[in-house]
């Protein structure tokens, strides 16, 4: 039996509360959010890899997803130290941890801003086709002015990233008041 179906079975039998603060609850939360918890051996690594793979694909940045994950974990030792999967997910994806954005969102936003400032040769805050040789501007250029800024890249990246939106929305609510809108 697969671990994910076993987790669902435990919930159905009321042996484990839905989205409890443990390993099984963390797996349930990842599944409901749309992530595949067992693409890798460990669910948290699996979720982070999926976020960073999508980040590289959607932005077109010439970055290595594995290096991004490593940098994120190095900059957020509390995620590494979290006692269990649920706590690590909460530390990573909860906007309550920082008051504004989840740590993962702050990290990805900083990478976009860093990338734009690195390649913005004339320091006008925009990347032109000449400045951004390794990314396809046409999909990112929402106002079709032949250049993109960090906000356009962020908007395109987060647009239709339902898995990330779902898991962040879950943590915006207190665990006791969550209404399961994904079932």
Which residues, counting only those in the stretch 64-96, are in contact with a helix residue (DSSP H, G or I) (Cβ under 7 Å, 6 or more places away or on another chain), free of Cβ contacts under 8 Å to residues at least 60 places away in the same chain and in a helix (DSSP H, G or I)? 65, 68, 69, 72, 73, 75, 78, 79, 80, 91, 92
State whether one or more residues within the stretch 123-141 are at pLDDT 90 or above and surrounded by 12 or more Cβ atoms within 10 Å (Cβ to Cβ). yes
In the stretch 18-45, what residues are within 30 Å of residue 138 (Cα to Cα) and buried (at least 17 other Cβ atoms within 10 Å of the Cβ)? 33, 35
Being touching a helix residue (DSSP H, G or I) at 6+ places or on another chain (Cβ under 7 Å) and either over 18 Å from residue 158 (Cα atoms) or surrounded by fewer than 16 Cβ atoms within 10 Å (Cβ to Cβ) (or both) is the filter here; which residues of the stretch 46-55 pass it? 53
Yes or no: residue 86 under 26 Å from residue 70 (Cα atoms), modelled with pLDDT under 90 and surrounded by 12 or more Cβ atoms within 10 Å (Cβ to Cβ)? yes
Please specify each residue of the stretch 97-122 satisfying the condition of being in contact with a helix residue (DSSP H, G or I) (Cβ under 7 Å, 6 or more places away or on another chain) and at pLDDT below 90. 97, 98
Selection from the stretch 112-168 of residues that are within 18 Å of the chain's Cα centre (by Cα) and assigned to a loop (DSSP other than H, G, I, E, B): 159, 160, 161
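The values are calculated or read from the model by the stated rules, or taken from the named source; none is laboratory data. From a predicted model like this one, the values you see are computed outputs, not experimental measurements. When we count neighbours, we look across all protein chains shown, and the Cβ atoms used for this are built from the backbone with ideal geometry, even at glycine.
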